[in-house]
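The values are calculated or read from the model by the stated rules, or taken from the named source; none is laboratory data. Quick caveat, the model's predicted, so the values are computed rather than measured. No Cβ is skipped: glycine too gets one built from the backbone with ideal geometry, and neighbour counts run over all protein chains shown.
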Amino acid sequence: MAGSPIDRRIISFINKHHIFTLATSSANSPYTCTCFYVYIESLNLFVFTSDEGTRHVAEMAAQPRVAGAIALETKIIGKIQGIQFTGISTLLEGELYKKSLKAYLKKFPYAGFKELTLWGIEPDFIKMTHNMLGFGTKLTWRKDEN
């Protein structure tokens, strides 16, 4: 189910950035890492690369439900913006891998110097704090909303 469209201000913020913090967990022990990403709007998919053998990949394989965050670094309260999201992570393969690889290399051409393992996160919830719209303003989207 596609749900309601994601607010354009959220999409714009996602597309202006290129690093997210990824949160995984295993055995009641949380873990975070940072990843370069590209967002494919037509698929509602965050795409990132990570090698097998990393802690977060092992944890995603065991528990694909993950969370993430993207933040604008600023000390100016009125300019604070950031998003938090949750979703399901998957190893990308086949045609989805090819489409995602093309998008990833367009944003990060230097990544083409090695073979890439690509992962996707399809968000099912996004919350954006957007103080430029007023202090504490939150924009939210849920996949299951109509």
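Among the residues making up the stretch 115-146, those that are at pLDDT below 85 and over 20 Å from Thr74 (Cβ atoms) are Asp144, Glu145, Asn146. A count restricted to the stretch 34-58 and to residues that are assigned to a strand (DSSP E or B), surrounded by 15 or more Cβ atoms within 10 Å (Cβ to Cβ) and of a type outside the set (Phe, Trp, Tyr) stands at 6.
Scan the stretch 1-33 for residues that are assigned to a loop (DSSP other than H, G, I, E, B) and touching a strand residue (DSSP E or B) at 6+ places or on another chain (Cβ under 6 Å) and jot them down.
Narrowing the stretch 1-33 to residues assigned to a loop (DSSP other than H, G, I, E, B): 1-7, 17-18, 27-28.
If the condition is that a residue be assigned to a loop (DSSP other than H, G, I, E, B) and touching a strand residue (DSSP E or B) at 6+ places or on another chain (Cβ under 6 Å), then Ile6, Asp7, His17, His18 are the ones that fit.
Here Tyr110 meets each of (1) farther than 16 Å from Thr21 by Cα; (2) among the hydroxyl-bearing types (Ser, Thr, Tyr); (3) touching a residue at least 40 places away in the same chain (Cβ under 8 Å) with one exception, condition (3).
Between Gly136, Gly78, the distinction of being in a loop (DSSP other than H, G, I, E, B) and out of contact with any Leu (no Cβ under 7 Å at 6 or more places or on another chain) belongs to Gly136 only.
Against the numbered list (1) out of contact with any helix residue (DSSP H, G or I) (no Cβ under 6 Å at 6 or more places or on another chain); (2) over 26 Å from Leu105 (Cβ atoms), Tyr37 comes up short only at (2).
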